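Written below as structure tokens is the structure these notes are about.
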Amino acid sequence: MSQQFILETSGLQLRPFTEEDSQALFLLNSDPLVLQYTGDVPFKDVDEAAEFILRYDQYQKYGYGRWAVVDRESKAFLGWCGLKYSPEKNETDIGFRFHREFWGKGFATEAASGCLKYGFTELGLSRIVGRAQIGNISSHNVLKKIGMNQTGSFMEASVEWLLFEKFQ
């Protein structure tokens, strides 16, 4: 099957999710350490992950969304990264989630940097936000490395989150 990549970095390719990603996405969201700072719950099984992918409508609605991140050489699914539009807030946020074996290797920074550039240059966005729970130091570091500035904090479900922003 031919893959359509949205963007490529020196070592990564980002593309829309496909049903073939169901197993990898299920495994990603089954790791309690991966979900520790997300507020998300695991998929109950691979079928639920597949259903999520089939119902994921950000690409059709807004022309962008969260994308599968694959290694350019091995084509291994590393996790996801991308932009998400929230109509209720009228803003686009950047997010990322990787299998634990790929933590600390620069993949999140590389993918997020590519997504930020894509959002500003290809989509013409003027502002992108990032959110991370107060204890998620690794995500804070990624957001800072890609040039985002912490501009505030907020409480959600009794948890403190930090807000980061970058303007075009």
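Please treat every number below as a calculation from the coordinates, not as lab data. All values reported here derive from a predicted model rather than from experimental measurement. Using ideal geometry, Cβ is built from the backbone for each residue, glycine included, and neighbour counts are taken over all protein chains shown.
The table that follows gives values for the structure above.
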| quantity | calculated |
| --- | --- |
| More than 27 angstrom apart: percent of Cα pairs within the chain | 20 |
| Rg/Rh (Cα only; Kirkwood hydrodynamic radius) as it applies to region 1-96 | 0.95 |
| Amide H within-cut-off set for L12, under 5 Å, with H built and near neighbours excluded | R72 |
| Net dipole in debye of the chain [+1 Lys, Arg Cβ; -1 Asp, Glu Cβ; about Cα centre; nearest 20] | 620 |
| Listed residue (G106, A49, G63) projecting farthest to the positive dipole end of region 7-125, Cβ model | G106 |
| Point-charge dipole on Cβ atoms (K/R +1, D/E -1) for region 103-154, about Cα centre, debye to 20 | 100 |
| For A76, residues with placed amide H under 5 Å, excluding near neighbours | D71 |
| Cα-based convex hull, region 79-168, per residue volume (Å³, whole number) | 97 |
| Helix-derived mean residue ellipticity, 222 nm - over the chain, DSSP H n ≥ 4, -39500 (n - 2.57), to 500 | -8000 deg cm²/dmol |
| J(HN,Hα) series, region 35-45, from Karplus relation 6.51 cos²θ - 1.76 cosθ + 1.60, nearest Hz, glycine and proline x | 8, 3, 10, 9, x, 8, 10, x, 5, 6, 6 |
| Low-density loop positions, trypsin sites (Lys or Arg not before Pro), region 75-126 - DSSP coil, at most 14 other Cβ in 10 Å | K75, K89, K105 |
| Rough spin-label spacing in nm, given labels placed 7 Å along Cα→Cβ, for S158 and E91 | 2.5 |
